[in-house]
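The values are calculated or read from the model by the stated rules, or taken from the named source; none is laboratory data. As the structure is a computational prediction, the values presented were derived from the model and not from experiment. Note that each Cβ is placed from the backbone with ideal geometry, even for glycine, and that neighbours are counted across all protein chains shown.
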Amino acid sequence: MQAITHLPFMRVMHAFGGPDYFVTEYFRVYEGYVLDKNILRSITENATGRPVDAQLIGQHIPSLVRISKELLEFPTSGIDLNLGCPAPVVCRKDAGGGLLRKPDHLNRILEALRKSIPGRFTVKTRLGYESPEEFTRLIEIFSQHGLDALTIHARTVRERYQTPIHPEQIRFAVQTMPCPVIANGNVVDVSTGQNLIAQTMADGLMIGRGAIRSPWIFKQLRNAYAGEPVQTITRADLLEYINLLYDTIADDLPVFDEQKHVNHMKKYLVYIVQGLDTEFEHQIRRATTGKNFKQTCLTFLDSREPVPVFPPNHSKLFCGFDTLR
Ligand SMILES: Cc1cc2nc3c(=O)[nH]c(=O)nc-3n(C[C@H](O)[C@H](O)[C@H](O)COP(=O)(O)O)c2cc1C
């Protein structure tokens, strides 16, 4: 996730158990593009011991091929093509989710990338641009290119993040695709993860916002599937997580600018505070210094009280996950 799931964030996720593999923020590929050194560090300095796929976004075929080849010189576990980003600035250029409106061009991109990537080549997609009905045609295309996995964020581009997802479309892909299918969208706890797997029979889960809010989610799911006890998360656990995130990201900065760092931390906190005290959220929004930020966290989180398992179901940050409960 752009400007969120960078190298220090991956380190923190791993400290709490972490996913089986990571995917980088996307490299925004165009003619003349030079590899972003900071994103590249997620690959070259990945010390988690878990694989990391390099994600590309773009539509210019020679550049996508060139950058894939360049990336394969580094210890990446594979190349992933983003067909899901709904940002208007990306879609207008027919990249990310915008490419779903250009199936013929998409077909040519997949053909060229598959030819030039000898190892793992995967796609992360939405269901279509305007309507889930577009997905049948897209699956026809995806199934022709020997993909190593297909990850599906089961919403259309138009639906952005503000609706329930369409698990039946993931189920359709699982039945149709000759490769593993990873289900994505609205997994916020063990029950929503297990229900998404049960409804789709997907080969795995990708978790985004739910992991920012609660990095224990990977370990909790592993424990639940193994029939082991699942950890209850307390306010004090959250405090430890936030402090680790604050310090790990700060230590990774070439130049530390306190105010910028506090603002960056707010990108995580908007997810973390969901379901907690509204006054906590207000005070975090107003924090400008590190001391102020950390003191606010301490004031609201210094207790052994369990935190709510679910965030609110109708906010701008999380929406529609109750259909998976
Ligand atoms: C702020 C933000 C940035 C994102 N950046 C990326 C990205 O760079 N690449 C990608 O494949 N998906 C990106 N996504 C989408 C997520 O990976 C995921 O598909 C989506 O949030 C639904 O899954 P979730 O409910 O587990 O978060 C982003 C989502 C958000 C909210």
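Of all residues in the stretch 182-195, exactly one satisfies the criterion of being crowded, with 24+ Cβ neighbours inside 10 Å and more than 10 Å from the ligand (Cβ to nearest atom), namely Asp189. Among the residues examined, Ala3 does not qualify as of a type in the set (A, V, I, L, M, F, W, C), away from the ligand (no atom under 16 Å from the Cβ) and surrounded by fewer than 22 Cβ atoms within 10 Å (Cβ to Cβ).
Every residue, every condition in (1) under 21 Å from the mean Cα position of the chain (by Cα); (2) over 30 Å from Arg137 (Cβ atoms), yes or no:
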residue: Thr176; (1), (2): no, no
residue: Gly204; (1), (2): yes, no
residue: Leu221; (1), (2): yes, yes
residue: Tyr225; (1), (2): no, yes
residue: Leu239; (1), (2): no, yes
residue: Ile242; (1), (2): yes, yes
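Note on the stretch 146-170: among residues that are within 18 Å of Ile117 (Cα to Cα) and surrounded by fewer than 19 Cβ atoms within 10 Å (Cβ to Cβ), the one that is farthest from the chain's Cα centre (by Cα) is Gly146.
The stretch 92-181 holds helices (runs of 4 or more DSSP H) entirely within its bounds, and those carrying 3 or more residues that are more than 19 Å from Arg66 (Cα to Cα) map to 135-142, 167-176. Residue selection: Glu111 fails the criterion of being in the same structural domain as Ser63 (by TED's automatic domain parsing), within 15 Å of Cys85 (Cα to Cα) and among the acidic types (Asp, Glu).
Scanning the stretch 64-82 for residues that are touching a strand residue (DSSP E or B) at 6+ places or on another chain (Cβ under 9 Å) and under 25 Å from Gly97 (Cβ atoms) yields Leu64, Ile67, Ser68, Leu71, Thr76, Ser77, Gly78, Ile79, Asp80, Leu81, Asn82. Restricted to the stretch 36-69, and to residues there that are within 15 Å of the ligand (Cβ to nearest atom) and charged (D, E, K, R), the residue that is farthest from Asp104 (Cα to Cα) is Asp36.
Annotation note: of Tyr33, Tyr26, the sole residue that is within 15 Å of the ligand (Cβ to nearest atom) and under 18 Å from Val90 (Cα atoms) is Tyr26. Restricting Arg304, Arg286 to those that are farther than 28 Å from Ser191 by Cα and either within 23 Å of the chain's Cα centre (by Cα) or not assigned by TED's automatic domain parsing to the domain that holds Arg160 (or both) reduces the list to Arg286. Under the condition of being within 16 Å of the ligand (Cβ to nearest atom) and basic (Lys, Arg), which residue from the stretch 209-259 is surrounded by the fewest Cβ atoms within 10 Å (Cβ to Cβ)? Restricting to residues being within 16 Å of the ligand (Cβ to nearest atom) and basic (Lys, Arg), the top hit is Arg209.
The set of residues in the stretch 182-192 that are touching a residue at least 40 places away in the same chain (Cβ under 8 Å) and not in a loop (DSSP other than H, G, I, E, B) comprises Asn184, Val190, Ser191, Thr192. Residues of the stretch 82-91 being under 14 Å from Leu150 (Cβ atoms) and assigned to a loop (DSSP other than H, G, I, E, B), which ones? Within the stretch 82-91, just Gly84 meets the criteria.
Within the set Ser116, Ser143, the sole residue that is of a type in the set (Ser, Thr, Tyr) and without any contact (Cβ under 8 Å) to a residue 40 or more places away in the chain turns out to be Ser143. Of the residues screened, Ile141 is one that is aliphatic (A, V, I, L, M), in contact with a Pro (Cβ under 8 Å, 6 or more places away or on another chain) and farther than 30 Å from Asp322 by Cβ.
Would you check which residues across the stretch 79-94 are over 18 Å from the mean Cα position of the chain (by Cα) and within 16 Å of the ligand (Cβ to nearest atom) and list them?
First, pick out the residues of the stretch 79-94 that are over 18 Å from the mean Cα position of the chain (by Cα): 88-89, 91-94.
Within the stretch 79-94, Pro88, Val89, Cys91, Lys93 meet the criteria.
Select from the stretch 273-310 the residues that are surrounded by 14 or more Cβ atoms within 10 Å (Cβ to Cβ) and outside any helix (DSSP H, G or I) and list them in ascending order. Result: Val273, Gln274, Gly275, Leu276, Ala287, Val307, Val309, Phe310.
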